[in-house]
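Any read-out appearing in this document is the output of simple, stated calculations on the displayed coordinates, not a laboratory observation. Keep in mind that what you see is a predicted model, and the values were worked out from it rather than measured. All Cβ positions, even for glycine, are placed from backbone atoms using ideal geometry, and neighbour counts span all protein chains on display.
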Amino acid sequence: MPPFFKSFIFLIFLALLGSCQQELHFEVSPFSEGVLVKDAAGNCDSIKVNGTLSANVFPADSNFIDVTVRVTKTGSYSIHSDTVNNYYYRRDGDFESTGTFVVRLPSKGTPLADGTDHFAITYGNSVCVISRTVLRDPLSPAVVKLAGEPGDCLSPVVVGDFVGGSGLDTSAGVELTVNVVETGSFEINTGIVNGYYFTASGMFTKTGIQKVKARVQGKPLTGGTDLFTVTLNGSVCSFPVKVYEPVVAASLDYFPLSIGSYWVYDYVTYSKDSLTRRVDGTTLLDTLTYKLVKETRPSGTEKDLYFRKANGGFLEFAPLDKYTEAFVYVSPTTGDIPILREGIATGSYWESPAWLYKATFGQLIELQYRYYCLNANGGAIVNGMAFGSVYKIRMYPLVGSEGNPGGLSGEIFDFWFAKGIGLIYQSKLAGNGQAIYEMKLRRWLVN
């Protein structure tokens, strides 16, 4: 290559290099000048702290501090704290004018331990010191003591009908008094005694004296008094549970209808033995055979009831609107109401047909009864007597109009049937769960 050509290429390279250097030139913004605003005594009262901090919990956006600064020269700024307990505060930016401004510094990082942390907030040569309180890790175990520890639990409340060989309702358990010193998680456990135990877990969100409930798992196997030792985050106390032996019944039916059998109930607020039902014989209704049950009311009046067993269940022949006060059908509107099924499981349900007839106010009204089995092998204590193998049934009337599905009428009925004995308890409940009326078995004879 000729020498003059090499020189020409070298001159072009120098020109390009100079051009690139001009394009890579950056203009650096000067630092601003100013101070953190303090009062006459030098206190940093203008700094506002916001949000709650907890150990091992990443701070939410609501965790920040607001600092007030007086800017005397525009330019870039960095207002920040030192790092304490694995977190800090910082904001970078530019002041485009002088004056007094509030700058929000977000929290960065996650506190590792609870306690009080002290930070130095710096802007230029100006410094303010603030304090932040970090709460205990909400998932850490609560510091809590059982009332009565380490001996007998203080005033434990045992809830439920504990009957040997029978399951318990979901509401069964024990209520204990505790003193929460520091909030956090908790676990309650007892050992297994006589086939069942108590357990609970959750969070204490406030300190002080309070109640906590542990629920039952399993079922008692035999009658007697069972002594449980309960532990709650290292605190220990003991409480007894009385388990009743159930009465013995020979029949296998949950609704016996043998002639000559009778049941005597305490009814509403009347005196004991105030309502009696007796199976007097049989009768024919619409070509079907029913057992005739004579019911004697507290007033002394008698009423005929009709029941039959069919297709693995029990039917009551009665006015279809017997179990609702939402309306009254124009008579006669009678039929079979499926009051009970056998072989049911806890959580199962069944329904009556949906009947559509004219009510006394002239409108066609649809009525249906829906039954739920709350417990298919429950225990029940009624009038001081323990019953096992109890079907606990809850029924809701559904009321609608022609072409519109039925909705709950607001009425609730409970029926408890003990195997070999029959109906041992019946009630109508208000919406708040309070009984409007109750029937409690007092005496009976099943032939």
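Can you spot the aspartates and glutamates whose alpha carbon is less than 15 Å from LYS145's alpha carbon? Ignore those fewer than 8 places along the same chain.
GLU175, GLU182, GLU187
How many angstrom lie between the C-alpha centres of the range 56-134 and the range 181-254?
Each part's Cα centre sits 51 Å from the other's.
Between VAL248 and LYS309, what length in nm is gained on full extension when 0.36 nm per residue of separation is reduced by their alpha carbon distance?
Once the chain is fully extended between VAL248 and LYS309, it gains 19.7 nm.
Could you compute the FRET efficiency for TYR372 and ALA435, with r as their C-beta to C-beta distance and R0 at 25 Å, rounded to 0.05?
0.90
Please return the longest range in the chain lying between exposed loop sites, taking GluC sites (Glu not before Pro), DSSP loop only, at most 16 other beta-carbon atoms within 10 Å, and leaving the sites out.
97-324
Using a 7 Å offset from the Cα along the Cα-to-Cβ direction at both LEU364 and ILE209, what is the distance between the two label points in nm, to one decimal?
Spacing of the two 7 Å Cα→Cβ label points: 6.3 nm.
Calculated from the structure, Cα Rg over 2.2 N^0.38 Å equals which of (1) 1.26; (2) 1.02; (3) 1.75?
Comparing each candidate, only (3) matches the computed number.
Distance cut-off 18 Å, Cα to Cα: go down the list LYS322/LYS428; LYS392/LYS440; LYS294/LYS419 and report the pairs above it.
Cα-Cα > 18 Å for LYS294/LYS419; rest within.
So if R0 is 35 Å, what FRET efficiency would VAL236 and ASN86 give, r being the distance between their Cβ atoms, rounded to the nearest 0.05?
Here the calculated transfer efficiency is 0.45.
Measure nothing fancy, just the Cα-based angle from helix 3-23's long axis to the longest principal axis of the chain, in degrees from 0 to 90, nearest 10.
With both axes taken from Cα atoms, the answer is about 50 degrees.
GLU402: net charge of surrounding residues, Cβ under 15 Å, Lys/Arg +1, Asp/Glu -1, itself excluded?
0
About the Cα centre, and with charges only on the beta carbon of Lys, Arg (+1) and Asp, Glu (-1), how big is the dipole of the chain? Nearest 20 debye, please.
That gives the chain a dipole magnitude of about 740 debye.
With labels modelled as points extended 7 Å from the Cα through the Cβ direction, what inter-label distance (nm, one decimal) is found for GLU351 paired with ARG443?
Here the modelled spin labels are 4.3 nm apart.
Between ASP45 and ASP152, what length in nm is gained on full extension when 0.36 nm per residue of separation is reduced by their alpha carbon distance?
Contour length minus Cα-Cα distance gives 33.2 nm.
Ignoring trypsin sites (Lys or Arg not before Pro) that are buried or in helix or strand per DSSP, and keeping those with at most 14 other beta carbon atoms within 10 Å, what is the longest stretch of the chain between them?
With a cap of 14 other Cβ atoms within 10 Å, the longest stretch comes to 1-205.
Using alpha carbons only, what's the Rg to Rh ratio of the range 143-243 with Rh from Kirkwood?
Across the range 143-243, the Cα-based Rg/Rh ratio is 0.97.
Quick one: length gained pulling LEU288 to VAL127 fully straight, 0.36 nm per residue minus the C-alpha distance?
48.3 nm
Among TYR123, TYR349, TYR371, which one moves the most in a GNM of the chain with springs linking Cα atoms closer than 10 Å?
Of TYR123, TYR349, TYR371, the most mobile in the Gaussian network model is TYR123.
If R0 is 56 Å, what FRET efficiency do you get for ALA113 and THR225 from their C-beta distance, rounded to 0.05?
The calculated FRET efficiency here is 0.75.
Can you give the calculated 222 nm mean residue ellipticity of the chain, where each DSSP H run of n ≥ 4 adds -39,500 (n - 2.57) and the sum is split over every residue, rounded to the nearest 500 deg cm²/dmol?
My calculation for the chain gives -1500 deg cm²/dmol from helical runs alone.
Around ILE436, with a cut-off of 13 angstrom between Cβ atoms, what is the net charge of the other residues, counting Lys and Arg +1 and Asp and Glu -1?
Local net charge: -3.
Which distance in nm do the two modelled labels at PHE101 and SER171 give, with both placed 7 Å along the Cα-to-Cβ direction?
6.3
Can you put CYS128, CYS373 in order of Cβ neighbours within 10 angstrom, beginning with the fewest?
Listing CYS128, CYS373 from fewest to most nearby Cβ atoms yields CYS373, CYS128.
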